[in-house]
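A short write-up of the structure that comes next.
What follows draws every value from the coordinates through simple rules; no lab data is involved. Note that this is a predicted model, so its numbers are computed, not measured. Neighbour counts are summed over all protein chains in view; Cβ atoms, including those assigned to glycine, are modelled from backbone coordinates with ideal geometry.
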Amino acid sequence: MISIRTVLRPFAVVGLLLIGTGCADYTDRDDVQAYMAEVSAEHHFAPEELQRLFSQATRQSSILEAIARPAERTLKWHEYREIFLQEPRVEQGLEFWNDNEEALQAAWATYGVPPEYVVAIIGVETRYGQITGAYRVLDALTTLTFDYPPRAPFFRKELTQFLLLAREEGRDPLELKGSYAGAMGYGQFIPSSFRSYAVDFDEDGRRDIWSNTWDAIGSVANYFARHGWQPDGEVVRSVTVTGTDADGLANQSLELSHTVDDLRGLGVEVDSLDGAEPAALFRMELADGAEYWLGLNNFYVITRYNRSRLYALAVHQLAQAIRGRREGLTAGV
């Protein structure tokens, strides 16, 4: 799943040109009528059903205001880390793990993804399901498809995916809730990600990532597995960098475009890793300097959820903090 925050960030500074601002009913608009005709023909939706749905869709000015705000300044690693590694999020993660231990263990056995990483993703995305979004998904995606030109093609695709998932799952599209950009449930799946990766993990006949923690947990684990998570693989390694050759490669790409031996030859000091293993070097800014990390396959997999090195390292460190707290408590029993 491409995180919606990542998708939107480059466009937040684009001047917003609103269209149809006085329209009380989306079905009065020619562009909406054309879209409904296209979806009806391509995906066999009944025209009258689409007419009924879009006549009830509401343009959300607050979404357009939010997406048009100037982008936040880029946070340094130590600032970003502070947001997600605070003590309450660790404690709440431990509680979520305890409450959902059976599902997490089953997901680990099925998909090979350790519980701490599933818990950390859900903790970063929605604070363990506490903040999943209060907008009707139909309203959010309709507003952004037809009233936000800079990203209209992306949201148009997601709107169609949403209609398809609602039909497939037997859900009322007027009832499903999500973020201001249409991301849904505990793990904040956009509609295309839901259709590709959400699972009915408790086998009750429905993929429910909104209120069923079994399905939410299984879906996050399945996403990781489908993107190449290695059950016994390392995620990231703290390293020392000497000279300037390796530093020049840091943060160039999230892709694992070098090998460990390549980076060793440029001045990255790292022990006990296979020299042929693909890796990427990252420099993380601290308040008084920098630290260096070697991202490996599973780090790259985390960046498929949100294409940010800061996000991936925050998920990793939150996962380790939660697991450490749990093991510490267990050892003390």
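The modelled label-to-label distance between SER55 and ALA290, using points 7 Å beyond Cα along the C-beta direction, is 6.0 nm. Using Cβ point charges alone (K and R +1, D and E -1), the dipole size of the stretch 236-295 about the Cα centre works out to roughly 60 debye. Helix 152-169 and the longest principal axis of the Cα set of the chain meet at an angle near 80°.
Using C-alpha pairs under 8 Å with a sequence gap of at least 6, the mean separation divided by the residue count of the stretch 155-275 gives a relative contact order of 16 percent.
Its DSSP H runs of at least 4 residues, each contributing -39,500 (n - 2.57), put the calculated 222 nm mean residue ellipticity of the chain at -15500 deg cm²/dmol, to the nearest 500. Residues considered: ALA287, ALA216, ALA152. Largest GNM mean-square fluctuation over the chain, using C-alpha springs under 10 Å, is found at ALA287.
This model, with +1 at the C-beta of Lys and Arg and -1 at the C-beta of Asp and Glu, gives the chain a dipole about its Cα centre of some 720 debye.
With a cut-off of 12 Å between beta carbons, the residues surrounding ALA279 carry a summed charge of -4, where Lys and Arg count +1 and Asp and Glu -1.
Mean-square fluctuations from a GNM of the chain, with a 10 angstrom spring cutoff on Cα atoms, peak among VAL315, VAL39, VAL235 at VAL39. Relative to one another, the C-alpha centroids of the stretch 189-245 and the stretch 119-155 are positioned 18 Å apart.
Based on Cα contacts under 8 Å between residues 6+ apart, the chain shows a relative contact order of 20 percent.
Starting from the Cα gyration tensor of the stretch 236-295, take the square roots of the eigenvalues, sort them a ≥ b ≥ c, and report rounded, prolate or oblate (rounded when a/c is under 1.5, otherwise prolate if a/b is larger than b/c, else oblate). Prolate shape, in that a/c is at least 1.5 and a/b is the bigger ratio.
What angle do you read, to the nearest 10 degrees and between 0 and 90, between the alpha-carbon axis of helix 137-147 and the longest principal axis of the chain? Approximately 80 degrees, to the nearest 10.
Summing charges over all other residues whose Cβ lies under 12 Å from the Cβ of THR242, with Lys and Arg as +1 and Asp and Glu as -1, gives -2.
The angle separating the long axis of helix 309-331 from the principal Cα axis of greatest extent in the chain is about 70 degrees.
The residues neighbouring VAL315, those whose beta-carbon lies less than 10 Å from its own, together hold a net charge of -2 under the Lys/Arg +1, Asp/Glu -1 convention.
Placing unit charges on the Cβ atoms of the charged side chains and taking the dipole of the chain about its Cα centre, the candidate lying farthest along the positive direction among THR27, SER192, PHE299 is THR27. Each Cα pair under 8 Å and six or more residues apart adds its separation to the average, and for the stretch 236-295 the resulting relative contact order is 43 percent.
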